[in-house]
1. Looking only at residues in the range 119-129 that are away from the ligand (no atom under 16 Å from the Cβ) and surrounded by 23 or more Cβ atoms within 10 Å (Cβ to Cβ), which one is nearest to residue 407 (Cα to Cα)?
2. Filter the range 207-220 down to the residues that are away from the ligand (no atom under 16 Å from the Cβ) and in contact (Cβ under 8 Å) with a residue 12 or more places away in the chain and list them by number.
3. So for the range 109-125 (the condition being within 24 Å of residue 416 (Cβ to Cβ), free of Cβ contacts under 8 Å to residues at least 40 places away in the same chain and not basic (Lys, Arg)), does at least one residue qualify?
4. What do you reckon, is residue 252 β-branched (Val, Ile, Thr), buried (at least 19 other Cβ atoms within 10 Å of the Cβ) and over 25 Å from residue 347 (Cβ atoms)?
5. Would you mind finding the one in 369, 342 that is over 17 Å from residue 63 (Cβ atoms) and either open to solvent by 30 Å² or more (accessible area, probe 1.4 Å) or part of a helix (DSSP H, G or I) (or both)?
6. Among (1) surrounded by 13 or more Cβ atoms within 10 Å (Cβ to Cβ); (2) more than 16 Å from residue 149 (Cβ to Cβ), there is one condition residue 171 misses while meeting the rest; what is its number?
7. Where the second residue is part of a loop (DSSP other than H, G, I, E, B) and open to solvent by 20 Å² or more (accessible area, probe 1.4 Å) and the first is modelled with pLDDT under 95 and lies in the range 369-392, which pairs have Cβ atoms under 9 Å and are six or more apart or on separate chains?
8. Among the numbered criteria (1) out of contact with any Gly (no Cβ under 9 Å at 6 or more places or on another chain); (2) within 19 Å of residue 303 (Cβ to Cβ), which single criterion is violated by residue 61?
Amino acid sequence: MLLITDVTAVTMDGDRRVIADAAVAVDGARIAAVAKAAALRSRYPDATELAGRGMLAIPGLVDAHAHADQSLLRGMTDDLPWIPFLAEWISPYLSRRDPQVAVAAYRLTMAEMIRSGTTCFVSPNVDPRDDLDALTSAIDECGVRAVLAHWVEDDHTLDGACAAIERWDGAADGRVRMRIGLDIPRLPGDPYRASLYARVAALDHGLVYHFCSETEDWTYYEDRFSVRPTQWAESVGLLGPSTLLINGCWLTAVEARILAATRTPVVASPSATMKMASGTTPVRDLRDAGVVVALGTDGAANNDCFDMVREMKAACLAQNARRGRAATLTAEDALEMATIEGARALGLDADLGSLEPGKRADIVLVDLGRAHTWPATDPIANLVYAAHGGDVDTVIVDGRILLRDGEFVDLDEEEILAEAARAAVEVAALVPHRTPRWPRQ
Ligand SMILES: [Zn+2]
């Protein structure tokens, strides 16, 4: 039994209890109890204690939109609109890279995620050429959870995805889950594959796809079928609780009602969609309509980081600007999206997303005792508005301590960074070189 003592526990349970002078008892991979430290000390007198030193204990953060293979593109693709970004940088990177480059990128991404408190991520569009044995081994080594959505664009890739799901779903002691990452039309001239959508809809696999993100993503369906994208997706059977829709910046009130009725979750990625000028997800409208909305960083190619703490703040600011009203999305709303709602969006809320007895011991300790987060009068507001991922001190997944005192317990970070630097040289040769705006000497 491990007893994490002297913390303020933000439980995210049904009552959203925040417990001062708390402890979290961990039995193996699961949480045994969350209560006042004095009570748990007397209940578990023989437990090994891990000193929380007054830190905030929160559930591990869920990054529900994280292109984990794009960390090596950091700094290479800034200030681009989505079409040249995808066509001239992402596509060549995906089609020409060595599978080992993807592994190096994933390891760098996961190191950053652990450092910033993310314990579970969704990687959409996992390339069929990727080495899933190596990727799942890297995830196992790093100790986090991942939902890998295998790219599907035709019958052949669907066959490959089904085989991959069969082979790797549940890998790394159940920490790896597999889904289909579906390609749907986004631009005039994109192939429309009715029989593929029917095949996918008939399967029992989870789905992840980019949806109604850019203006073109909805004009395609209005021009071709005279319906909104959500009406199209419902008509072909691609909605439901096991589908995760990415971005949805241009979703309307009518579509929000369909998503609520079909219990289809959406993930917002405010930093990336604002940076690329795609728009902002109508998070407040969706939540008010009863839609589950998760939060994601998108990735280092168009957000430059995988920092979910910073993303929570961006989520609030984006909604406030969208409505022109403070507190349109509160710090509490954002923390829900990054924890329990993220878990719910993935159908994993029975195990993840809150600090409650019986759930997986995915626990993050955040140090708010620093100049930029002090005084911690309202720990939720300080976490969301003042902190950043670098304030994460300790990360535990399945009861295993991955980060302690801001240092990796098992991972060799120096080696991960050196490997990433070598791979980044390869990546730079695959994509267009952009001349810096200022002279480099
Ligand atoms: Zn994406």
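The values are calculated or read from the model by the stated rules, or taken from the named source; none is laboratory data. Here the structure is a predicted model, which means the values were calculated and not measured. Neighbour counts run over all protein chains shown; Cβ positions are idealised from the backbone, glycine included. Only protein heavy atoms, including side chains, enter the accessible area calculation; ligands, DNA and RNA are left aside. Shrake-Rupley method; radii C 1.70, N 1.55, O 1.52, S 1.80 Å.
1. Restricting to residues being away from the ligand (no atom under 16 Å from the Cβ) and surrounded by 23 or more Cβ atoms within 10 Å (Cβ to Cβ), the top hit is 119.
2. Of everything in the range 207-220, those that are away from the ligand (no atom under 16 Å from the Cβ) and in contact (Cβ under 8 Å) with a residue 12 or more places away in the chain turn out to be 215, 218, 220.
3. So far as the range 109-125 goes, no, none of its residues is within 24 Å of residue 416 (Cβ to Cβ), free of Cβ contacts under 8 Å to residues at least 40 places away in the same chain and not basic (Lys, Arg).
4. no
5. Numbers: 342 fails: over 17 Å from residue 63 (Cβ atoms).
Just one listed residue meets the conditions, 369.
6. Condition not satisfied by residue 171: (2).
7. Here the result reads 376/369, each pair linking the range 369-392 to a residue that is part of a loop (DSSP other than H, G, I, E, B) and open to solvent by 20 Å² or more (accessible area, probe 1.4 Å).
8. (1)
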